[in-house]
1. Sequence gap at least 6, Cα distance under 8 Å: using those rules, report the relative contact order of region 17-161 to the nearest whole percent.
2. Using r as the Cβ-Cβ distance of residue 40 and residue 123, and R0 as 30 Å, what FRET efficiency do you calculate, to the nearest 0.05?
3. For region 165-244, max minus min Cα coordinate along each principal axis, in Å, sorted largest first?
4. For 126, 89, what's the fewest-to-most ordering of other Cβ within 10 Å of each Cβ?
5. Sort 148-156, 48-56 for me by packing, meaning the mean count of neighbouring Cβ atoms within 10 Å per residue, highest on top.
6. When only alpha-carbon atoms count, how far does region 30-182 stretch along each of its three principal axes, as whole angstroms with the largest first?
7. In whole Å, what is the distance between the alpha-carbon centres of region 168-245 and region 102-149?
8. For region 47-110, place one equal point scatterer on every Cα, skip the solvent, and apply the Debye formula. What is log10 of I(q)/I(0) at q = 0.11, 0.29 Å⁻¹?
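Every read-out reported here was derived from the displayed coordinates using simple, explicitly stated rules and does not represent laboratory data. Small disclaimer: the values here were computed from a predicted structure and weren't measured. Neighbour counts run over all protein chains shown; Cβ positions are idealised from the backbone, glycine included.
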């Protein structure tokens, strides 16, 4: 099976403050499945392949998928009918017997008529547990309206959007690198003050965050180019690194 891996823009880890990390997503193409149950691979007019002729309860199996650091997945769906279309990701852990989908660890749902060749990515479904190493995974399909599948995307934490980070209870910040305005989105209103420090630990700027505020936009245009640390303090404390261009 071919597993296609995409490398996205470099982002900075909030745990390793002085080291960079690359966001990595694993792309599972429809035609690269190890087994289909019920559904079939179809070829569209543009010769693109997808999983089609899906009945509710059908599934696709992918072997040897490295789930280390994977925290979410999404699916690219196309449908010519309205109704909920749900894809659930399962492990092959023998819970329901040998060779069938086991424990469900994430799901995504779309609702809408897109047209058969207009594929739209679902929202991210967050994994309910941490899984490491090479695994066999199943994607199980249920629906109120028929749909086709183009591909699945497995994502690590660095690949998630700001909104997804907030759902996880993490700080979201963008853009990074930044020229003028740095936006910080916080999952709770537990932060009361922010402090910007340079890499030597010198305090560059310190301001109070108003009570109840969960999103702030900071003017950093006056900062010199370089790497800075942002400390958020309150009943919770968080630190991340950003780059001023």
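1. Over region 17-161, the number comes to 37 percent.
2. Details: r = 27 Å, r/R0 = 0.89.
After rounding to 0.05, the efficiency reads 0.65.
3. 30, 21, 18
4. On the way: 126 17, 89 25.
Going from least to most buried by this count: 126, 89.
5. 148-156, 48-56
6. Per principal axis, max minus min of the Cα coordinates gives 51, 37, 27 Å.
7. 34 Å
8. The Cα Debye sum returns log10 ratios of -0.32, -1.50.
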